[in-house]
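> Let me begin by handing over the structure; questions about it come next.
The values are calculated or read from the model by the stated rules, or taken from the named source; none is laboratory data. Being a predicted model, the structure only gives us computed values, none of them experimental. FYI the Cβ positions are ideal-geometry reconstructions off the backbone, even for glycines, and counts take in every protein chain you see.
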Amino acid sequence: MEHLPEDCLLAVFNKLESFPDRNAFGLTCRRWLALQNAARTSLSLQLCYNPDAHKIYTSHLPSLLARFPHLLSLSFTGCVDLPEAVLRRLPDSTAGLQCLSFYYSTALSDGALSVVSAGCPHLVSVVLYRSNITNRGLECLAGSCPALENVNLSYSFQVSDGGVAALSRGCRRLRLLMITSCGREVSGRGLAGCSPALAYLEADSCALTPEGLRAAVSGGGLEYLNVSGIKSWNGGDGLGVIGGAAQLRVLNLRMCRFSGDESEWNLALCHAVGAAGWSAVAGASKKLKVLHVNRCRNLCDVGLAALRGGCGRLEVLFIEGCPQLTPQALEEFRLARGAVEVKTEERHSIGPRLDYFFRPPSL
């Protein structure tokens with residue numbers, strides 16, 4: 001075994017599927033340990049409630065990066081102490097990094113993000129969940145990492161439309177953007193002229209405006225849109241603009257109580273929608289595959305009949321807690337649209353698991 005070339009040993013290592021087997025491989029001898037370290041592509045520093053743990057993480061980070069020279073994914077989860085001096089050393093060892101997560105890392109500064117992004121130009125996915133990053137940090141990120149495809153800015157309260165616009169302009173491959181609960185400074189207008197590559201937008205509990213919603217669909221490639229729980233909507237009934245999203249497959253407007261009959265898309269907890277509104281949904285949703293109408297008080301037999309005759313590509317219908325619906329109307333829907341899966345359960349979230357987009361590359 002001592003005379004086997006490294007490529008053969010790496011082939012053996014890559015065939016091992018379980019973590020215990022891979023760890024045992026490195027315990028055989030120093031040479032095999034070095035190969036195991038070289039083959040490692042992911043490193044995660046997890047949240048720890050020990051106040052001294054973060055200091056230990058940062059003090060050993062340079063050694064860890066030197067030990068694993070071919071990392072593709074690096075995660076700082078819940079690190080509340082991230083000295084900029086330490087992060088400045090990241091680019092020396094992680095130039096090929098593709099996935100970077102600062103999940104709940106409130107100590108991350110604009111300067112540190114600027115240095116890291118400048119040294120990691122091949123980043124594809126970045127998580128800045130609950131960070132204190134401002135527009136300046138996002139501008140640096142967009143300028144240094146034009147290949148970015150997935151960005152999570154949820155609960156980043158210091159970000160505004162200007163930062164979102166910087167990402168939209170600088171990262172034309174941007175496929176997934178999460179701006180859930182980013183505060184009143186994110187109205188969606190920063191997405192005006194976004195790339196057709198933008199296919200997934202998670203904007204739960206945001207302060208979107210009618211103009212912002214129009215900007216969000218302006219690229220024409222949107223397939224998934226979650227704008228449930230929109231805050232402080234002052235544009236009357238303006239959701240009809242979503243009808244311009246020709247590629248839309250999944251739409252979640254849960255708890256959008258302000259919608260009226262003029263809207264083309266009206267979903268869960270949209271209590272003001274009557275028969276005319278549901279007819280608009282049926283006529284406009286040419287490619288919609290998942291429809292969520294739980295607890296819509298004014299969805300009646302006539303409205304369900306309209307949905308039954310439209311939504312030609314519908315695959316799943318979530319329907320529960322609609323007091324004006326009769327069992328006969330629901331049974332008629334099932335008989336007429338046998339290919340549609342009818343689910344009588346409460347779902348707060350529908351569509352794909354967006355966290356999968358931020359997973360590290362497989363070995």
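> Is it fair to say PRO352 is loosely packed, with under 13 Cβ neighbours inside 10 Å, out of contact with any strand residue (DSSP E or B) (no Cβ under 6 Å at 6 or more places or on another chain), part of a loop (DSSP other than H, G, I, E, B) and not assigned by TED's automatic domain parsing to the domain that holds ILE179?
No.
> Okay, moving on. Taking the range 307-324, which residues are surrounded by 20 or more Cβ atoms within 10 Å (Cβ to Cβ) and aliphatic (A, V, I, L, M)?
Across the range 307-324, the qualifying residues are LEU307, LEU314, LEU317, ILE319.
> Please list, ordered by first then second residue, the pairs with beta carbon atoms under 6 Å, 6 or more apart or interchain, first in the range 177-203 and farther than 24 Å from TYR356 by Cβ, second charged (D, E, K, R) and at pLDDT below 95.
ARG189/GLU211
> Got at least one residue in the range 132-144 being in the same structural domain as LEU213 (by TED's automatic domain parsing), under 21 Å from LEU82 (Cβ atoms), over 18 Å from the mean Cα position of the chain (by Cα) and crowded, with 24+ Cβ neighbours inside 10 Å?
yes
> How do the pairs read when you match residues in the range 217-231 that are closer than 8 Å to SER205 by Cβ and without any contact (Cβ under 8 Å) to a residue 40 or more places away in the chain with residues anywhere that are aromatic (Phe, Trp, Tyr) and in a loop (DSSP other than H, G, I, E, B), using Cβ under 9 Å and keeping only pairs 6 or more apart or on different chains?
Final answer for the pair search is ILE230/PHE258.
> Of all residues in the range 194-205 being touching a Lys or Arg at 6+ places or on another chain (Cβ under 8 Å) and of a type outside the set (Phe, Trp, Tyr), which is nearest to GLY229 (Cα to Cα)?
Selected residue: SER205.
> Just to verify a result, which residue in the range 154-207, among those that are outside any loop (DSSP other than H, G, I, E, B) and under 13 Å from the mean Cα position of the chain (by Cα), is farthest from TYR104 (Cα to Cα)?
Across the range 154-207, the extreme among qualifying residues is TYR200.
> Can you pull out every residue in the range 157-170 that is crowded, with 19+ Cβ neighbours inside 10 Å and within 12 Å of LEU191 (Cβ to Cβ)?
Scanning the range 157-170 gives ASP161, GLY163, VAL164, ALA165, ALA166, LEU167, SER168.
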